[in-house]
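K.L.:
Next up is a structure, given as structure tokens.
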Amino acid sequence: CVAAFPTFTGTRTSSYFDIWDDNVKGGGDGNSEWDYNGVSSFDKGVGGNSSRFARVLNFFPVPVEEECNANDGRRKGVCMNTYECRIQGGKSYGFCALGFGVCCVFTATCGQEAFNNITYFVNPDFPDLTADMSSCELSVKKIDPEIAQLRLDFVHFNLGQPNRRTGVCEEDIFLMNSESGVRELTICGLNSGQHVYFDVEDITDPIRISMNLSRKAVSRLWEVRLTQVPFSQRAPAGCLQYHEGGTGIIQTMNFADNGRHLANQDYNICMRQEEGMCSIAYEPCHDNAFRISPNTEDGSSGADTEDQDLGSGDGDPSQGRDMEICRDKVVLPCDSDDLILPGDNGPIQGFCDITHCGPTLCPSGETPCRIESSATPFVIGVHFGPSARDESPDDNLGMCLTYEQLPCNV
């Protein structure tokens, strides 16, 4: 059926508000979409006085509200009816659904509430830096009981650094938890480009994001995309981070040139096993991409013991780098002799260390370093406890690895 819209026949004597424009216009100003006699600018033709083109007032609902790409080329939104986007506080960025809907982008800042599929949580002065703040809170409500996780993409995230000697977030703290306190996430520092999954399947009350900020003269910037993930699309249980694709980069939180890995972190980084791939290879991003002090009270480094030729396949592989002393560590599951150290005459089989800490991922002097594993699922454990003593931040930059999934041998 065709919806019939009424035609204006009377004379307009008062100003009106155009819901498709942010400006209030007076009737009969020559720029309105309709003139006094109800004739649209489209009906006036090329010779009409109006400089605006007519638009169809689309009140029909979009059949399915799904994710869309904004026309600014950087943000994601929800495809919905134009009117619904307006009344829900969103802003349209281009058309979707064959022109029947708009890509509606929602943003929220301190003291507000997020209740949409996708919401961008930004600092009050975004895209400018914000200073002189002591706190910021956001409440996130599930849009449906079937929502199992919240995914947080830290598009921009620059807060104050943790204690450089201990790794504890003391001055600036990003805390995410529920009112019942079932689980929580605490981070600080520089985490742009990172993401996390926060389980909310058994949570019915609002989820809180609280930021406690020091009064030091620190300028802060954040833009966090909050996506509500239904049960059917959730990341595997136990994965704080879940990477998709055959290649990628893995980093611990606050990995930066002047950073320091955070204390009190215990989580898994997971990689989805792509079709036709049976193993995975890890390599440090650069020479200083793996620096994790063992965090022992006596300062033991976990480095190679003297006069041990590691990675050569000679001798007892259980002797060498003493990884049992690692209190701060990363864990890379492996099946057997999966530490591949390229040599002049081809790859050299070495011993596969499950636990890794110290100044290098592989035995010192063995470069380039490459670890391959066919153990599934593809997962790396990050286990950083409370600091046993003050240590140099240069010895605790954290970890940055590149990964590449390898095809199955036919």
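The values are calculated or read from the model by the stated rules, or taken from the named source; none is laboratory data. Treat the numbers as computed from the prediction; the structure is a model and nothing was measured. Heads up, the Cβs are rebuilt from the backbone with ideal geometry, glycines too, and the neighbour counts pull from every protein chain shown. For accessibility, only protein heavy atoms count, side chains too; no ligands or nucleic acids. Shrake-Rupley method; radii C 1.70, N 1.55, O 1.52, S 1.80 Å.
K.L.:
So which residues in the range 136-155 are within 20 Å of V218 (Cβ to Cβ) and open to solvent by 70 Å² or more (accessible area, probe 1.4 Å)?
P.N.:
Listed by number, the list holds a single entry, E137.
K.L.:
Right, another one. Counting only residues that are within 17 Å of L262 (Cα to Cα) and hydrophobic (A, V, I, L, M, F, W, C), which one in the range 356-389 is surrounded by the fewest Cβ atoms within 10 Å (Cβ to Cβ)? Walk me through how you get there before you give the answer.
P.N.:
Going through the range 356-389, the residues within 17 Å of L262 (Cα to Cα) turn out to be 356-359, 380-389.
From what is left, the residues that are hydrophobic (A, V, I, L, M, F, W, C) are 357, 380, 382, 384, 388.
Working: C357: 28, I380: 23, V382: 23, F384: 23, A388: 16.
Ranking the candidates gives A388 first.
K.L.:
To continue, here is another question. Looking at D266, D257, can you tell me which residue is open to solvent by 50 Å² or more (accessible area, probe 1.4 Å) and under 24 Å from T130 (Cα atoms)? Steps first, please.
P.N.:
Working: D266 fails: under 24 Å from T130 (Cα atoms).
None of the others qualify; the one that does is D257.
K.L.:
Every residue in the range 82-94 that is open to solvent by 10 Å² or more (accessible area, probe 1.4 Å) and outside any strand (DSSP E or B), please. Break it down stepwise before answering.
P.N.:
Taking the range 82-94 as the starting set, the residues that turn out to be open to solvent by 10 Å² or more (accessible area, probe 1.4 Å) are 82-84, 86-94.
Selection gives T82, Y83, E84, R86, I87, Q88, G89, G90.
K.L.:
Please pick out the residue among S279, S210 that is buried (at least 18 other Cβ atoms within 10 Å of the Cβ), small (G, A, S) and not in a loop (DSSP other than H, G, I, E, B).
P.N.:
Details: S210 fails: buried (at least 18 other Cβ atoms within 10 Å of the Cβ).
Exactly one residue qualifies, and that residue is S279.
K.L.:
Looking at (1) within 21 Å of S192 (Cα to Cα); (2) open to solvent by 10 Å² or more (accessible area, probe 1.4 Å); (3) of a type in the set (G, A, S); (4) part of a strand (DSSP E or B), find the lone condition where G77 falls short.
P.N.:
(2)
K.L.:
While we're on this one: How many residues are part of a strand (DSSP E or B) and farther than 14 Å from A263 by Cα when one looks only at the range 390-410?
P.N.:
Pass one, the range 390-410, residues part of a strand (DSSP E or B): 398-407.
Next, only the ones that are farther than 14 Å from A263 by Cα stay: 400-407.
The number of residues fulfilling the criteria is 8.
K.L.:
What's the number of the only condition in (1) under 30 Å from T355 (Cβ atoms); (2) open to solvent by 60 Å² or more (accessible area, probe 1.4 Å) that L240 fails to meet?
P.N.:
It fails just one condition, (2).
K.L.:
Another question, if that's okay. So V46 ticks every box in (1) at pLDDT below 50; (2) in a helix (DSSP H, G or I) but one. Which box is left unticked?
P.N.:
(2)
So that you can scan it fast, the table gives a plain yes or no per residue for (1) more than 24 Å from G398 (Cβ to Cβ); (2) of a type in the set (K, R); (3) outside any strand (DSSP E or B):
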residue: P145; (1), (2), (3): yes, no, yes
residue: R165; (1), (2), (3): no, yes, yes
residue: C169; (1), (2), (3): no, no, yes
residue: F174; (1), (2), (3): no, no, no
residue: V196; (1), (2), (3): no, no, no
residue: D205; (1), (2), (3): yes, no, yes
residue: V229; (1), (2), (3): yes, no, no
residue: P236; (1), (2), (3): no, no, yes
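K.L.:
Please work out which residue is surrounded by the most Cβ atoms within 10 Å (Cβ to Cβ), limiting yourself to the range 156-177 and to residues that are over 19 Å from R215 (Cα atoms) and touching a Leu at 6+ places or on another chain (Cβ under 7 Å).
P.N.:
Step one: of the range 156-177, the residues over 19 Å from R215 (Cα atoms) are 156, 165-167, 176-177.
The next check asks that each one be touching a Leu at 6+ places or on another chain (Cβ under 7 Å); those that pass are 156, 167, 176.
On the way: H156: 17, G167: 31, M176: 22.
This residue is G167.
K.L.:
With within 26 Å of M399 (Cα to Cα) and either of a type in the set (S, T, N, Q) or part of a strand (DSSP E or B) (or both) as the only criterion, which of G248, G259 stands out? Write out each step before concluding.
P.N.:
Details: G259 fails: either of a type in the set (S, T, N, Q) or part of a strand (DSSP E or B) (or both).
Unique residue meeting the criteria: G248.
K.L.:
Let me ask something additional. Consider S180 against the criteria (1) more than 30 Å from N295 (Cα to Cα); (2) surrounded by fewer than 16 Cβ atoms within 10 Å (Cβ to Cβ); (3) among the hydroxyl-bearing types (S, T, Y); (4) modelled with pLDDT of 95 or more: it satisfies all of them except one. Which criterion is unmet?
P.N.:
Every condition holds for S180 apart from (4).
K.L.:
Another question about this same structure. Restricting to the range 183-207, name every residue that is surrounded by 17 or more Cβ atoms within 10 Å (Cβ to Cβ) and on the phi > 0 side of the Ramachandran plot.
P.N.:
Result: G189, single match.
K.L.:
Now for a separate question. If I ask for residues that are of a type in the set (G, A, S), over 20 Å from V196 (Cβ atoms) and open to solvent by less than 20 Å² (accessible area, probe 1.4 Å), which ones from the range 95-135 would you list?
P.N.:
First, pick out the residues of the range 95-135 that are of a type in the set (G, A, S): 97, 99, 101, 108, 111, 114, 131, 134-135.
Going one step further and asking which of them are over 20 Å from V196 (Cβ atoms), we end up with 97, 99, 101, 111, 131, 134-135.
The one that is of a type in the set (G, A, S), over 20 Å from V196 (Cβ atoms) and open to solvent by less than 20 Å² (accessible area, probe 1.4 Å): G101.
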